[in-house]
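> A single structure is presented below for examination.
The values are calculated or read from the model by the stated rules, or taken from the named source; none is laboratory data. What you are looking at is a predicted structure, and each value in this text was computed from that prediction instead of being measured. Heads up, the Cβs are rebuilt from the backbone with ideal geometry, glycines too, and the neighbour counts pull from every protein chain shown.
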Amino acid sequence: MLAGCAELGAIGLSIGAIGQPTVAVSRGEVTIAGPDGFCVYPFATRDRGPQAFVLLGNCAAITRSEEAPQPPIHAVLTATVRETDAIEVASQAAVLAEFLRSETGRAMLSRAKEAETVTILDSFERGDVLYVHTRDTSPSYAPGMSAEHWRAFLDVDGRVVALAVLGFEADPLSAREGLAAARDFVTAIQRSNPATVAEAQ
């Protein structure tokens, strides 16, 4: 769950329609929404009750329509949802941050499942959300993906939601741009799940 993209292709079936800005997963109880200009890519989205994976990209590119909205950055977003009693981000963010810096935690964040490929560049908690800036030198899931990316972890309706902002080598995101995108992604999730986020807080 922590690696996010590691879930791709591992669970469930594709869901949703091309070009939609949101999708309900985890028994329909969690709504995943991205910042303006990002749409759900249904063919890479998986949902199987207790766990789900959602990929979001440029709406214009996904729909192949010049009239569709486009985000101000060149990036792909992912969201992984999992029901778990193991940790609550709001009350255990420091524990989670420490775990992610451990060898086991870095291995979970690694695309190759190898701790030595991952460096934690920064991490901090804000508003019951844990933000983590990482560098992963292992082979990318797709050609041209950047090694550095931001992640965010938050609670939604008894589930841990792990978000990731993945940039591209050809048009890399600065650390500030990546963090801003992660915060916008978190805001979109919280606005789409107001009751359940409020209960978690």
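> Identify the residue in segment 143-165 that is in a loop (DSSP other than H, G, I, E, B) and in contact (Cβ under 8 Å) with a residue 60 or more places away in the chain and, among all such residues, is surrounded by the most Cβ atoms within 10 Å (Cβ to Cβ).
Per the criteria, the residue is D157.
> Now for a separate question. For segment 47-76, which residues satisfy the criterion of being over 17 Å from G167 (Cα atoms), small (G, A, S) and in contact (Cβ under 8 Å) with a residue 40 or more places away in the chain?
Correct list: A52, S65, A68.
> Another question, then. Across segment 125-142, which residue is surrounded by the most Cβ atoms within 10 Å (Cβ to Cβ) among those that are out of contact with any Asp or Glu (no Cβ under 6 Å at 6 or more places or on another chain), within 18 Å of R111 (Cβ to Cβ) and not small (G, A, S)?
Here the residue is V132.
> All but one of (1) touching a residue at least 40 places away in the same chain (Cβ under 8 Å); (2) assigned to a helix (DSSP H, G or I); (3) of a type in the set (S, T, Y) hold for Y131, so report the exception by its number.
(2) is the only condition that Y131 fails.
> Looking for something assigned to a strand (DSSP E or B), among the basic types (K, R) and surrounded by fewer than 20 Cβ atoms within 10 Å (Cβ to Cβ) - is there at least one such residue anywhere in segment 169-179?
no
> Give the residue, chosen from A61, A107, that is among the hydrophobic types (A, V, I, L, M, F, W, C) and more than 19 Å from E148 (Cβ to Cβ).
A61
> Test A115 against the stated conditions and say whether it is among the aliphatic types (A, V, I, L, M) and either modelled with pLDDT of 95 or more or surrounded by 19 or more Cβ atoms within 10 Å (Cβ to Cβ) (or both).
On the way: among the aliphatic types (A, V, I, L, M): yes; either modelled with pLDDT of 95 or more or surrounded by 19 or more Cβ atoms within 10 Å (Cβ to Cβ) (or both): yes.
Answer is yes for this residue.
> Could you list, in sequence order, the residues of segment 17-38 that are in contact with a strand residue (DSSP E or B) (Cβ under 6 Å, 6 or more places away or on another chain) and not aliphatic (A, V, I, L, M)?
The answer is G19, Q20, P21, T22, S26, T31, G34, F38.
> For D122, only one of the following conditions fails: (1) surrounded by 13 or more Cβ atoms within 10 Å (Cβ to Cβ); (2) outside any loop (DSSP other than H, G, I, E, B). What is its number?
The single condition D122 does not satisfy is (1).
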